[in-house]
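Report on the following structure.
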Amino acid sequence: MTHDHDLVLRPTPAQIEAALNPPPGRTGGDLVVETLSGLDATTVFGLPGQHALGTFDALRRSPLRYVGLRAENNAGFAADAYGRITGEAAPLLLSTGPGALLSLAALQEAAAASAPVVAIASQVPAAGLGGGRRGYLHELRDQQASFRDVVKSVHTARTPSQIPSAIAAAWESALTAPHGPVWVEIPQDVLTAETTLPVVTAMDATPEDVVPRPELTAVAAHLLAHAERPVIVAGGGVVRSDASGKLRALAERIDAPVVTTFGGKGAFPWKHPLSLQSWLEDRHTTDFLEDADVLLVVGSGLGELSSNYHTFAPRGRVIQIEADAGKLESNHPALGIHADARLALQAILETVGERTDPTAPERVAAVLGRVRDRIDAQDLGLEQRVVAAVREALPARAPSFWDMTILAYWAWSAFDARHPNTMHSAQGAGGLGYAFPAALGAAVADPSRPVLAVSGDGGAMYSLAELATARQYGLDVTWLIVDDGGYGILREYMTDAYGEATGTELTRPDFVALAESFGVPGVLTTPDTLTADLAKSLATPGPSVVVLPALLRMFEPTHL
């Protein structure tokens, strides 16, 4: 059998001549940017540093667009969002030591959320690799060891000729389901060394599909078609694999209610008669899932948030489709199908029999009604008004990025994402400071529509420097900062657990004045004017800041 990658194209005489006579003055850095161009990259994120200057100098001679942020973790968050929005690998250029290490929090979020980021860092000169302890600036005993537990794969190029293959292997790894961040490091002297190697042309780094085993999908189809009370849990894997249409087709064919995880927001229409929406932190939803005799879990590991803090205990048969083999049956025994969500759903659709259940919409409506009654009994009108105001102001297909703040915790359960791949948050790894730099990356990825970032005042303090980035590149991002005077969610947690909070109260700036000092328009809003102020900012090209002073509360948990 002949495969496409077995075919070697014969170079033309002109290509041979060009290869024999490459342009003078090229370095290892040129091989980096040529390889990225050969992999069809168009945009890179990052920050320069002393050891990485060979790569950054080569950027001058390349067609790649460079977007520079003000801190490495923020550059990583921007690359993460670019990968989520486009589905393409996002190159992230970093320096050695402190600069590299600052990206760790962002790479952890990319790993948890399966965002394809190709981090390319410099290293000390090659003589210092392997723990030589030569005393170079930024030297670590083993830089890759700091990243190996976070990223999917680690690659090192010790000579110029190794650079294209190392980056191509990393690229393929990042885009193999499940997507994720990868790490490449190249010594300073390799990046600055002159090279006579031919210019890198097209590179083939096409990932292999993660295909389901047919005997497993046949069993899954049989179980679903003959179930009495089937239910589907749709996770982030459905969104990443662009499988929302197939999910809906399967749910409608077997009349199965669908709940989306917080990472799977938008995977299923919010107002569909079979939609349980995203109320996973509610015992009524948990009870409904436990009552299913067949539970299909697609693209989720049923982790802490998706299982109502591990209180979910299924009583029926579980079928789990997951591209990350390590998550198969990691929390519950299941018929585990290691596969890309789209391919597995397609295989099930090809064999599953039709099943009708006219009671399914009624049962779904009853659960949502009980959830609504529980929330309405807690005097949380302000919080529901704010969520509704944001939804009303945000265009249907405009992406939103949410930091770890009380309004985001509400949005996980209560916000209608309306379309797949439009709502993203830092709930994968749970670090602060994600929303605004991620929104900048999304605006770079798709400048045709505005982007919303939502932060609390505590999380906003992580990202203020990126107002300069937004201004420099004219990125169309509106940043909503909910100012409650501290780390609001931690204040609630500590008060509930210990009676009072410690370390949660913060002195903060005048966010409107601060934004305007960067040349970014700012406005102070209220719950009553939030919809109009937010809509106006989103409709105005370029960056803007909307500040809402408000003390929001969370709904009562049901897992305690």
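Condition first: open to solvent by 10 Å² or more (accessible area, probe 1.4 Å), within 22 Å of Ala193 (Cα to Cα) and in a helix (DSSP H, G or I). Now tell me which residues in the range 56-73 satisfy that.
Phe56, Asp57, Leu59
Name the helices (runs of 4 or more DSSP H) wholly inside the range 350-427 in which the number of residues that are surrounded by fewer than 17 Cβ atoms within 10 Å (Cβ to Cβ) is 3 or more.
360-376, 381-393
In the range 74-126, how many are at negative phi and either surrounded by fewer than 24 Cβ atoms within 10 Å (Cβ to Cβ) or of a type in the set (A, V, I, L, M, F, W, C) (or both)?
36
Out of all the residues in the range 211-227, which are crowded, with 17+ Cβ neighbours inside 10 Å and touching a helix residue (DSSP H, G or I) at 6+ places or on another chain (Cβ under 7 Å)?
Pro212, Thr217, Ala220, Ala221, Leu224, Ala225 - these are the residues of the range 211-227 that are crowded, with 17+ Cβ neighbours inside 10 Å and touching a helix residue (DSSP H, G or I) at 6+ places or on another chain (Cβ under 7 Å).
If you scan the range 192-218, which residues turn out to be in contact with a strand residue (DSSP E or B) (Cβ under 6 Å, 6 or more places away or on another chain) and assigned to a helix (DSSP H, G or I)?
Thr192, Leu216 - these are the residues of the range 192-218 that are in contact with a strand residue (DSSP E or B) (Cβ under 6 Å, 6 or more places away or on another chain) and assigned to a helix (DSSP H, G or I).
May I ask you to list pairs of residues, at least six apart or on different chains, whose Cβ atoms are under 6 Å apart, with the first in the range 125-150 being under 18 Å from Leu101 (Cβ atoms) and outside any helix (DSSP H, G or I) and the second being modelled with pLDDT of 75 or more and among the polar types (S, T, N, Q)?
His138/Thr96; Val150/Gln108
Which of the following residues is in contact with a strand residue (DSSP E or B) (Cβ under 8 Å, 6 or more places away or on another chain) and in contact (Cβ under 8 Å) with a residue 40 or more places away in the chain: Gly68, Gly97, Gly87?
Within the list Gly68, Gly97, Gly87, the selection yields Gly68.
Being more than 26 Å from the chain's Cα centre (by Cα) and more than 29 Å from Ser153 (Cα to Cα) is the filter here; which residues of the range 312-334 pass it? Reasoning before the result, please.
Taking the range 312-334 first, the residues more than 26 Å from the chain's Cα centre (by Cα) are 313-318, 333-334.
Scanning the range 312-334 gives Ala313, Pro314, Arg315, Gly316, Arg317, Val318.
Go over the candidates Ile186, Ile163, Ile167 one by one and state the one that is buried (at least 20 other Cβ atoms within 10 Å of the Cβ) and in a strand (DSSP E or B).
Ile186
Here is a yes/no grid of residues against (1) closer than 18 Å to Arg70 by Cβ; (2) within 21 Å of the chain's Cα centre (by Cα); (3) at pLDDT 95 or above:
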site: Gly433; (1), (2), (3): yes, yes, yes
site: Asp446; (1), (2), (3): no, yes, yes
site: Met494; (1), (2), (3): no, no, no
site: Phe511; (1), (2), (3): yes, no, yes
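Among the residues of the range 538-560 satisfying the criterion of being closer than 16 Å to Asp484 by Cβ and β-branched (Val, Ile, Thr), which is surrounded by the fewest Cβ atoms within 10 Å (Cβ to Cβ)?
Taking the range 538-560 first, the residues closer than 16 Å to Asp484 by Cβ are 546-554.
Still in the running and β-branched (Val, Ile, Thr): 546-547.
Working: Val546: 27, Val547: 22.
The selected residue is Val547.
Residue by residue through the range 220-277, note down the ones that are among the charged types (D, E, K, R) and within 15 Å of Val367 (Cα to Cα).
Arg229, Lys271 - these are the residues of the range 220-277 that are among the charged types (D, E, K, R) and within 15 Å of Val367 (Cα to Cα).
In the range 524-534, which residues are closer than 24 Å to Gln472 by Cα and either modelled with pLDDT under 95 or surrounded by fewer than 18 Cβ atoms within 10 Å (Cβ to Cβ) (or both)?
Across the range 524-534, the qualifying residue is only Leu524.
Open to solvent by 20 Å² or more (accessible area, probe 1.4 Å), more than 22 Å from Ala221 (Cβ to Cβ) and among the polar types (S, T, N, Q): is that true of Thr311 in this structure? First the steps, then the outcome.
Working: open to solvent by 20 Å² or more (accessible area, probe 1.4 Å): yes; more than 22 Å from Ala221 (Cβ to Cβ): yes; among the polar types (S, T, N, Q): yes.
Here the answer is yes, as Thr311 does meet what is asked.
Considering each of Val482, Val477 in turn, give the residue that is of a type in the set (Val, Ile, Thr), farther than 19 Å from Tyr82 by Cβ and surrounded by 16 or more Cβ atoms within 10 Å (Cβ to Cβ).
Every option except Val482 fails the conditions.
Which of the numbered conditions does Ser463 fail, given that it passes all the others? Conditions: (1) of a type outside the set (Asp, Glu); (2) in a loop (DSSP other than H, G, I, E, B); (3) surrounded by fewer than 24 Cβ atoms within 10 Å (Cβ to Cβ).
Among (1) of a type outside the set (Asp, Glu); (2) in a loop (DSSP other than H, G, I, E, B); (3) surrounded by fewer than 24 Cβ atoms within 10 Å (Cβ to Cβ), Ser463 violates only (3).
Looking at the range 489-510 only, could you name the residues that are touching an Asp or Glu at 6+ places or on another chain (Cβ under 8 Å) and open to solvent by 70 Å² or more (accessible area, probe 1.4 Å)?
Arg508
Residue-by-condition table, conditions (1) under 18 Å from Arg240 (Cβ atoms); (2) of a type in the set (D, E, K, R):
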| residue | (1), (2) |
| --- | --- |
| His310 | no, no |
| Ala323 | yes, no |
| Ile337 | yes, no |
| Asp340 | yes, yes |
| Leu343 | yes, no |
| Gln346 | yes, no |
| Thr351 | no, no |
| Pro358 | no, no |
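Looking at the range 242-277, which of its residues are of a type in the set (A, V, I, L, M, F, W, C), in a helix (DSSP H, G or I) and either surrounded by fewer than 21 Cβ atoms within 10 Å (Cβ to Cβ) or within 20 Å of the chain's Cα centre (by Cα) (or both)?
Ala249, Phe262, listed by residue number.
What about Ala339, is it hydrophobic (A, V, I, L, M, F, W, C) and open to solvent by 20 Å² or more (accessible area, probe 1.4 Å)?
no
All but one of (1) at pLDDT below 95; (2) open to solvent by less than 50 Å² (accessible area, probe 1.4 Å); (3) aliphatic (A, V, I, L, M) hold for Val451; state the number of the condition that does not hold.
(1)
Could you grab me the full set of residues in the range 228-241 that are under 21 Å from Asp357 (Cβ atoms) and open to solvent by 10 Å² or more (accessible area, probe 1.4 Å)?
The answer is Glu228, Arg229.
What residue, of Ala157, Ala174, is touching a strand residue (DSSP E or B) at 6+ places or on another chain (Cβ under 6 Å) and either surrounded by fewer than 18 Cβ atoms within 10 Å (Cβ to Cβ) or closer than 18 Å to Gln108 by Cα (or both)?
Ala174
Quick check on the range 434-457. Is at least one of its residues of a type in the set (Lys, Arg) and in a helix (DSSP H, G or I)?
no
Under 9 Å by Cβ, and 6 or more places apart or on different chains, what pairs join a residue from the range 1-28 that is modelled with pLDDT under 65 with one that is open to solvent by 80 Å² or more (accessible area, probe 1.4 Å) and assigned to a loop (DSSP other than H, G, I, E, B)?
From residues that are modelled with pLDDT under 65, the pairs are Asp4/Asp204; Asp4/Thr206; His5/Asp204; His5/Thr206.
The values are calculated or read from the model by the stated rules, or taken from the named source; none is laboratory data. As the structure is a prediction and not an experimental result, all values here were calculated from the model. Please note: Cβ atoms are built from the backbone with ideal geometry, for glycine as well, and neighbour counts cover all protein chains shown. Surface accessibility is based on the protein's heavy atoms, side chains included, excluding ligands, DNA and RNA. Shrake-Rupley method; radii C 1.70, N 1.55, O 1.52, S 1.80 Å.
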